[in-house]
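First up is the structure itself, then whatever we jot down about it.
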Amino acid sequence: MPTPTIRIAKLDTETIEKIQAMEEELGHSILALEPYYLPAKLSDGQVSRLKALE
């Protein structure tokens, strides 16, 4: 399995508000990250095999 990269997390409004409240309380910024996997580069043969398994 490929090693994930990271990107800024996509958060809902409620979660953002909770994080902002915690930032106020702590007096520090918080950076929310999430793992991100880039799509595999498959050969035509590999794509065909995947489609056959569907």
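Bear in mind these aren't lab numbers, they're just calculated from the coordinates by the rules spelled out. Given the structure is predicted, the values throughout are model-derived calculations rather than measurements. Methodologically, a virtual Cβ is constructed for each residue, glycine included, from the backbone with ideal geometry; neighbour enumeration extends over all protein chains shown.
Please give the calculated 222 nm ellipticity per residue for the chain, where each DSSP H segment of at least 4 residues contributes -39500 (n - 2.57) and the sum is spread over every residue; nearest 500 deg cm²/dmol?
Estimated from H runs of four or more residues: -14000 deg cm²/dmol.
Lysines within cross-link reach of Lys41: Cα-Cα under 17 Å, excluding same-chain residues under 8 positions apart?
By straight Cα distance, Lys41 reaches Lys51.
Using the Kirkwood radius over C-alpha pairs as Rh, can you work out the diffusion coefficient of the chain via Stokes-Einstein at 4 °C, viscosity 1.567 mPa s, in µm² per second?
Answer, rounded: 89 µm²/s.
Once you place label points 7 Å from the Cα toward the Cβ at Glu24 and Leu38, how far apart are they in nm?
So the two model labels end up 4.0 nm from each other.
Roughly what angle does helix 13-26 make with the longest principal axis of the chain, taking Cα atoms, 0 to 90 degrees, to the nearest 10?
On a 0 to 90 degree scale, this one is about 50.
For the chain, find the longest principal axis of its Cα atoms and tell me its angle to the long axis of helix 44-53, 0 to 90°, nearest 10.
Taking the Cα atoms of the chain, the angle to 44-53 is about 80 degrees.
Tell me which aspartates and glutamates have Cα within less than 19 Å of Lys10's Cα, excluding those fewer than 8 residues away on the same chain?
Straight-line reach from Lys10, under 19 Å: Glu23, Glu34.
How would you rank Ile16, Ile30, going from fewest to most other Cβ atoms within 10 Å of each one's own Cβ?
Numbers: Ile16 12, Ile30 9.
The fewest-first ordering by Cβ neighbours comes to Ile30, Ile16.
If contacts are Cα pairs under 8 angstrom and at least 6 residues apart, what is the relative contact order of the chain in percent? Intermediate results must be reported in sequence, preceding the final value.
Details: 28 pairs, mean separation 26.5, N = 54.
It comes to 49 percent, rounded to a whole number.
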